[in-house]
1. Which net charge results for the neighbourhood of Y143, defined as the other residues with beta-carbon distances under 10 angstrom from its beta-carbon, given Lys and Arg at +1 and Asp and Glu at -1?
2. Pop the C-beta distance of N129 and V88 into the FRET formula with R0 = 30 Å and round what comes out to the nearest 0.05.
3. Taking every Cα atom in region 83-193, find the radius of gyration and the maximum pairwise distance Dmax, and write them in Å.
4. Please compute the modelled spin-label separation between A121 and V16, points set 7 Å along Cα→Cβ, answer in nm with one decimal.
5. Label-point separation (nm) for T23 and T102, each offset 7 Å from Cα along Cα-to-Cβ?
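Read the figures in this text as sums done on the coordinates, not as results from a lab. The structure presented is a predicted model; accordingly, all values stated were derived computationally and were not measured. Please note: Cβ atoms are built from the backbone with ideal geometry, for glycine as well, and neighbour counts cover all protein chains shown.
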Amino acid sequence: MEFNQSIGVNAELSAVLIKKDGTRINLGILKPTFMQKFRLWRRQFWRLLFPMAALLGAAVLIPSLLVVGIVTTAGVNYMASDFASGGVTPTISGFKFHDSGTGTVAAAVTDTALGAAAGPARVTGTPSNPTANQYRSVATVAYTATLAITEWGLFSASTVGTLWDRRVFAAINVVNGDSIQFTYTLTCNNGGT
């Protein structure tokens with residue numbers, strides 16, 4: 001006898017732009033631009049149309065194609081290794097290193113890095129457990145140049161490491177002395193289907 005189970009996982013990324021004069025601008029939950037959604041939808045449409053429509057029906061197809069932040073295959077494999085290792089190594093708690101960049105290519109499950117990391121270095125987030133089923137990591141990334149930040153990622157190490165989640169969003173313009181406080185919240189729902 002075989003049982004199949006899936007759990008619902010939802011993640012969101014929000015940001016606060018902190019100008020060099022100390023002014024804080026709450027940007028809320030970061031969402032993709034219309035063109036980013038369209039490019040992703042166009043790319044995935046033909047690849048997924050027939051298999052998904054046959055399995056899930058057309059009503060489920062269109063909303064599922066508008067995801068622009070994505071948990072990567074490497075991240076999921078890392079999590080499975082953690083379960084198998086008994087918590088020795090690797091450990092899922094390693095996913096606390098935030099990075100941002102200027103890449104604009106839509107996120108894909110095959111991503112292992114940002115499109116164009118902005119530097120200067122990844123920032124260690126402060127982890128918390130705001131509710132029993134949530135993981136949250138908050139980090140403030142400081143910038144030393146004028147940039148249009150368009151992507152973010154959560155990694156398992158301060159250099160190299162495994163990419164858990166990558167997000168692509170409308171540009172946040174920064175100048176030398178500005179910073180962005182990123183808040184990543186992962187919610188896992190019980191039950192499943």
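1. 0
2. Here the calculated transfer efficiency is 0.85.
3. When restricted to the Cα atoms of region 83-193, Rg and Dmax are 14.8, 48 Å.
4. Output for this residue pair reads 2.4 nm.
5. That separation, rounded to one decimal, is 2.3 nm.
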